[in-house]
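K.L.:
Pasting a structure below so you can have a look.
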Amino acid sequence: MTVIENQIYEGERPLFFKKDLKLEHIKVLNGESAIKEGSNITCNDSYFNGKYPFWHIKKALITNCTFDTNARAAIWYSSDLSMSNCKIIAPKMFRRCEGLFLDKVEFSDAQETLWDCKNISVDNSKIVNGDYLLQNSLNIKVNNLDLQGNYAFQNCTNVTVSNCTLNSKDAFWEAKNVVVDNCTLDGEYLAWHSENVIFRNCKIKGTQPLCYAKGLILENCSFDEDCDLAFEYSDVKATITGAITSIKNPISGYIRAQKIKQIILDEYQKVGSNCVIEEI
């Protein structure tokens, strides 16, 4: 393996098509596509502030690095990539990537991040300004994530989320085959138009959650007082700890809670609706 240490790179493609490369304490400044088309790359304790440094990469390990504001769209079209203990200041990180393993990564401007990716693991990380995180992505495992950003997990499939705090309105819209365990979810319009989503041991906040859902399951979940007009036109099996403010026109299944403050079954119910709603 070729070792490069303590170098500064600028311009276009200074390390193009390199293989079996170990980078230590390098800086990539103004320019584009510094390490494009590389394979078997390790990079440690380095700084990036040029565009598109890791495009079309096959197998990389990136540790203790910083991607500054101008290193936007830094990693696209790449596979088999692990990143740990990194700071991502630039937006649009990760697009159309496969086999991503992220641990202890801090994103401070995560707009349009992790789009159209598959086979993703995210652990022990923090994401700020993460609107549309993971949009259209597949096969996702997330643990111990602190997220600030709306519209997360939209149109995602095969997702496991555990021990997370998600401050995100419109999260999990049109998501399929999702398990959310031991999480706090703060944001209105949660999981509309979703399919086969399970929430276990979760705290849910925000108005009009869980509407137009199919195959929705809630186990031992609690609802904040602002969670009104829940479950409209949903097929749901829910066991709720504590009280829920209001339930409106669910279609089928059952909803059981310790206290239900208001049940709305009005002239806009779907024909044939038969959801059982009861206090336990």
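K.L.:
Taking other Cβ within 10 Å of each residue's Cβ, how do Ser33, Ser121 sort, fewest first?
P.N.:
Ser121, Ser33
K.L.:
For the chain, what proportion of DSSP beta bridges, expressed in % and rounded to the nearest 5, is antiparallel?
P.N.:
Working: 0 of 108 bridges.
Among the beta bridges of the chain, antiparallel pairing accounts for roughly 0 percent.
K.L.:
A further question follows. Taking region 1-104 on its own, what percent of its Cα-Cα pair distances exceed 18 Å?
P.N.:
Every Cα pair in region 1-104 considered, those over 18 Å come to 37 percent.
K.L.:
Hey, what do the phi angles of region 246-256 turn into as Karplus ³J(HN,Hα) couplings, whole Hz, using 6.51/-1.76/1.60 and θ = phi - 60°, x for Gly and Pro?
P.N.:
Along region 246-256, the couplings run 7, 10, 10, 6, x, 8, 8, x, 8, 9, 10 Hz.
K.L.:
Averaging the inverse of every distinct alpha carbon separation and then flipping it gives the Kirkwood radius. What is it for the chain, in angstrom units?
P.N.:
Hydrodynamic radius (Kirkwood, Cα only) of the chain equals 19.8 Å.
K.L.:
Let me ask something additional. Just Glu188, Glu24, Glu267 to compare: in a GNM of the chain, with alpha carbon springs under 10 Å, which one fluctuates most?
P.N.:
Glu267
K.L.:
Give a residue-ordered list of calculated ³J(HN,Hα) values for region 70-75 (Karplus: 6.51 cos²θ - 1.76 cosθ + 1.60, θ = phi - 60°; whole Hz; x for Gly, Pro).
P.N.:
After applying 6.51 cos²θ - 1.76 cosθ + 1.60, I find 7, 8, 5, 6, 6, 10 Hz.
K.L.:
Check Gly31: other-chain or 5+ apart residues with amide H under 5 Å from its amide H, H built from backbone geometry?
P.N.:
Distant-sequence amide H within range of Gly31: Gly11, Lys51.
K.L.:
Could you tell me how far the Cα centroid of region 42-116 sits from the Cα centroid of region 241-280, in Å?
P.N.:
45
K.L.:
Evaluate E = 1/(1 + (r/R0)^6) for Lys27 and Gln262, where r is the Cβ-Cβ distance and R0 equals 41 Å; express this FRET efficiency to the nearest 0.05.
P.N.:
On the way: r = 60 Å, r/R0 = 1.47.
FRET efficiency, Lys27 to Gln262: 0.10.
K.L.:
If you build the convex hull over the alpha carbons only and average its shadow over all orientations, what do you get for region 150-280? Give it in nm² to one decimal.
P.N.:
6.5
K.L.:
Under a 5 Å amide H to amide H cut-off, with H placed in plane at 1.01 Å, what residues pair with Lys141 once short-range neighbours are removed?
P.N.:
Ile120, Ser121, Val122, Thr160
K.L.:
Pairs of alpha-carbon atoms within less than 8 angstrom and 6+ residues apart define the contacts here; what relative contact order does the chain have, in percent?
P.N.:
Working: 1039 pairs, mean separation 19.6, N = 280.
Across the chain, relative contact order equals 7 percent.
K.L.:
A follow-up question, please. To two decimal places, what compactness ratio does region 120-159 give when its Cα radius of gyration is scaled by 2.2 N^0.38 Å?
P.N.:
So region 120-159 has a normalised radius of gyration of 1.07.
K.L.:
Report relative contact order for region 1-75 in percent, whole number only (criteria: Cα-Cα under 8 Å, sequence separation at least 6). Numbers along the way, then the final one.
P.N.:
On the way: 220 pairs, mean separation 19.7, N = 75.
Dividing the mean separation by the residue count of region 1-75 yields 26 percent.
Every number here is computed from the coordinates shown, using simple stated rules; none is lab data. Keep in mind that what you see is a predicted model, and the values were worked out from it rather than measured. So basically every Cβ, Gly included, is an ideal-geometry build from the backbone, and we count neighbours across all protein chains shown.
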